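Worksheet: one structure, shown below.
The values are calculated or read from the model by the stated rules, or taken from the named source; none is laboratory data. All of these numbers come straight from a predicted model, not from anything done at the bench. Here Cβ is always computed from backbone atoms with ideal geometry, including for glycine, and neighbour counts include all displayed protein chains. Ligands, DNA and RNA are excluded from the accessible area calculation, which covers all protein heavy atoms including side chains. Shrake-Rupley method; radii C 1.70, N 1.55, O 1.52, S 1.80 Å.
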Amino acid sequence: VQLQASGGGSVQAGGSLRLSCAASGLTSNRYTMGWFRQAPGKRREFVAAVFRGVNTIYANSVKGRFTISRDNTKNTLYLQMASLKPEDSAEYYCAADATLILSSVRTDDQYDYWGQGTLVTVSS
């Protein structure tokens, strides 16, 4: 499985960005796919996930502002980010796993596959 993230950039507070994660090698649409982010000096944190291709789950800090979606025809995961804040600035990573259970969706070390990061910078 290979994941390729893109779409990061610089934006002013209140702006929007859409991240994409192109996946190859997935053998099923029931993989759980998610987004994590890591700011300098901080631990990597969960942002959002699509659990087994069906359920969407969000971190409280982004709920109502970010929307995760998945296009199975294109094998691509998206993260639409709106009302961006400076604290959203981070390297964003997409991840995937075939056997994740619901209780582990927010735990980064439970994911087997990772893409490279894409940098999001939000200025005030």
Being under 16 Å from the mean Cα position of the chain (by Cα), farther than 15 Å from ALA90 by Cα, open to solvent by 20 Å² or more (accessible area, probe 1.4 Å) and touching a residue at least 40 places away in the same chain (Cβ under 8 Å) narrows it down to one residue among ALA49, ALA22; which is it? ALA22
Within region 99-108, can one find any residue that is under 13 Å from GLN38 (Cβ atoms) and either out of contact with any strand residue (DSSP E or B) (no Cβ under 8 Å at 6 or more places or on another chain) or outside any strand (DSSP E or B) (or both)? yes
Hey, does region 101-124 have a residue that's aliphatic (A, V, I, L, M), out of contact with any Gly (no Cβ under 8 Å at 6 or more places or on another chain) and buried (at least 20 other Cβ atoms within 10 Å of the Cβ)? no
Only one of LEU77, LEU84, LEU100 is under 16 Å from ASN29 (Cα atoms) and over 14 Å from the mean Cα position of the chain (by Cα), namely LEU100
Check region 28-40 and report whether any residue there is surrounded by 19 or more Cβ atoms within 10 Å (Cβ to Cβ), part of a loop (DSSP other than H, G, I, E, B) and at pLDDT below 95. yes
Does TYR78 qualify as being free of Cβ contacts under 8 Å to residues at least 24 places away in the same chain, open to solvent by less than 50 Å² (accessible area, probe 1.4 Å) and out of contact with any helix residue (DSSP H, G or I) (no Cβ under 9 Å at 6 or more places or on another chain)? no
